[in-house]
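Before any comments, here is the structure.
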Amino acid sequence: MSYDVIVVGAGSMGMSAGYHLARQGIRTLLIDAFDPPHHEGSHHGEPRLIRHAYHGGKAYVSLALRAHTLWNELEEATDTSLLIQSGVLNMSSANVYSYEERLKDARQLGVPLELLDADEIAKRWPGIRLTDDFTGLYEPEAGYLFSEKCVAAYRQMALAEGAILLPYTNVSSIEAKGEGVSVHTQHGVFHADKAILSAGAWFKTLEPFIKLPIQSVRKVVGWFQSDESLFDTKNFPGFTLGSLAGGFYGFPSIDGGGVKIGRHDQGAPWQPGEPIQPFGAYPDDEGDLRSALETYMPLAAGKLIRGSVCKYEMTSDEDFIIDYHPAYRNILLAGGFSGHGFKFSSVVGEILSDLTVKQATQQDISLFSLSRFQV
């Protein structure tokens, strides 16, 4: 059967793109090796932060604001709570990071912000212990997303608009001939005028058709017993933490489930087809997370409630790849979201749809060009 567009990889980005295409009447086929939402990609282990005062310049800030609007629209369309506006507190040692440029870019685009010193942070959130070299940037309108619910909501909407989903379908090869694309799977060959490849940490399975400069990485997160009077959702925001020991992020205790914390940097390389070690396979899985909590939020460093493993798909500069295939203008690539892409998946889907249908987007995506890697 032939379609207008085939989306290979129906996770965060692909499912969003599928919805934005299908709602315009585009005949869309979504292919995924699993059954999204699932535990094999980068959207596993909710929640995910959404913040607006972003590093990387105004392009990211504009994308974050548009993404927030689209998440609100998805909530309304599905009558589902997806985004909790808890506020997000970004904290960093002066030896690690300065918020000066981020503050300037965000304020120029109207993002409400507060710049706080260590004492002001301790007074407002007494569960936090920082040394005097720390500064905080608080975003009251930021918060967190329930990632798996978000993917499920986009799935619901995409299918309602007429998109077709093929779960548990492995792509063995892709061919681009003339003006069309053929995708070979164990269930047969599917044809379309155009394709979007959004395979996440599984992009290597699409080689040699496309080889992207992406390294898949094993990441861990943990939930720790915490003082609910200090760290529940009524009293504590989402957070990021830049310290000499590493970069961390986390969330308040949701429904008594404990403070969630993860580490953004480091992680063991992983390749599709390799077994991925469960949480606790390495001492640092819990040790790094616990050490950060004991140092900066000691009353959140209680018993480990549970741990989880997910995957990042990293580029060397941690910026995304959103571009056409180097040899085929009818094939779009979306990958390398480097552990900070989920919040943007609503707007990335819109961008991919616009580039597919209109060959243009209103968003500034020049930062995400594949040509920066000389591929």
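The table that follows gives values for the structure above.
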read-out: Flag if G302 is in a strand (DSSP E or B), under 23 Å from F231 (Cα atoms), in contact (Cβ under 8 Å) with a residue 60 or more places away in the chain and of a type in the set (G, A, S); value: no
read-out: Residue list for the range 317-347, filter: in a helix (DSSP H, G or I) and touching a Leu at 6+ places or on another chain (Cβ under 6 Å); value: F344, S346, V347
read-out: Subset of the range 86-130 (residues that are touching a residue at least 60 places away in the same chain (Cβ under 8 Å), of a type outside the set (D, E, K, R) and assigned to a loop (DSSP other than H, G, I, E, B)); value: S86, G87, N95, V96, Y97, L113, W125, P126, G127, I128, L130
read-out: Single condition A17 does not satisfy, out of (1) crowded, with 23+ Cβ neighbours inside 10 Å; (2) over 22 Å from A163 (Cβ atoms); (3) within 17 Å of the chain's Cα centre (by Cα); value: (2)
read-out: Only listed residue being at pLDDT 95 or above, surrounded by 24 or more Cβ atoms within 10 Å (Cβ to Cβ) and at positive phi, chosen from G349, G336; value: G336
read-out: Condition met for A10 (of a type in the set (A, V, I, L, M, F, W, C), at pLDDT 95 or above, touching a Lys or Arg at 6+ places or on another chain (Cβ under 9 Å) and part of a helix (DSSP H, G or I)); value: no
read-out: In the range 223-239, the residues that are of a type outside the set (D, E) and touching a residue at least 24 places away in the same chain (Cβ under 8 Å); value: W223, F224, Q225, S226, L230, F231, T233, N235, F236, P237, G238, F239
read-out: Matching residues, the range 275-298, being crowded, with 18+ Cβ neighbours inside 10 Å, aliphatic (A, V, I, L, M) and either out of contact with any Lys or Arg (no Cβ under 8 Å at 6 or more places or on another chain) or modelled with pLDDT under 95 (or both); value: L293
read-out: Count of residues meeting criterion [assigned to a helix (DSSP H, G or I) and farther than 21 Å from C310 by Cβ] in the range 153-211; value: 5
read-out: The range 88-127, subset among the small types (G, A, S) and closer than 16 Å to A142 by Cα, residue modelled with the lowest pLDDT; value: A106
read-out: Boolean, A53 is touching a Leu at 6+ places or on another chain (Cβ under 6 Å) and at pLDDT below 95; value: yes
read-out: In the range 228-266, the residues that are small (G, A, S), in a loop (DSSP other than H, G, I, E, B) and surrounded by 18 or more Cβ atoms within 10 Å (Cβ to Cβ); value: G258
read-out: The one condition in (1) outside the structural domain of G238 (by TED's automatic domain parsing); (2) in a loop (DSSP other than H, G, I, E, B) that E350 fails to fulfil; value: (2)
read-out: Cβ-Cβ under 6 Å pairs, at least 6 apart or on other chains, the range 284-296 side touching a residue at least 24 places away in the same chain (Cβ under 8 Å), far side buried (at least 16 other Cβ atoms within 10 Å of the Cβ) and assigned to a helix (DSSP H, G or I); value: L293/A300
read-out: Test: residue in the range 361-368 that is under 22 Å from L206 (Cα atoms), surrounded by fewer than 21 Cβ atoms within 10 Å (Cβ to Cβ) and not hydrophobic (A, V, I, L, M, F, W, C); value: no
read-out: Single match in R329, R306 (criterion: over 20 Å from A53 (Cα atoms) and not assigned by TED's automatic domain parsing to the domain that holds D265); value: R329
read-out: Residue list for the range 20-32, filter: touching a helix residue (DSSP H, G or I) at 6+ places or on another chain (Cβ under 8 Å) and either crowded, with 24+ Cβ neighbours inside 10 Å or outside any loop (DSSP other than H, G, I, E, B) (or both); value: H20, L21, A22, T28, L30, D32
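Conditions tested, residue by residue: (1) among the aliphatic types (A, V, I, L, M); (2) more than 11 Å from the chain's Cα centre (by Cα).
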site	(1), (2)
I305	yes, yes
R329	no, yes
S338	no, no
V347	yes, yes
V357	yes, yes
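Yes/no per residue for (1) within 30 Å of G258 (Cα to Cα); (2) of a type in the set (A, V, I, L, M, F, W, C); (3) touching a Ser or Thr at 6+ places or on another chain (Cβ under 6 Å):
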site: I305; (1), (2), (3): yes, yes, no
site: V309; (1), (2), (3): yes, yes, no
site: S316; (1), (2), (3): no, no, no
site: D319; (1), (2), (3): no, no, no
site: D323; (1), (2), (3): no, no, yes
site: P326; (1), (2), (3): no, no, no
site: L333; (1), (2), (3): no, yes, no
site: G341; (1), (2), (3): yes, no, no
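The values are calculated or read from the model by the stated rules, or taken from the named source; none is laboratory data. This structure is a prediction, so every number in the text was calculated from the model and none was measured. So basically every Cβ, Gly included, is an ideal-geometry build from the backbone, and we count neighbours across all protein chains shown.
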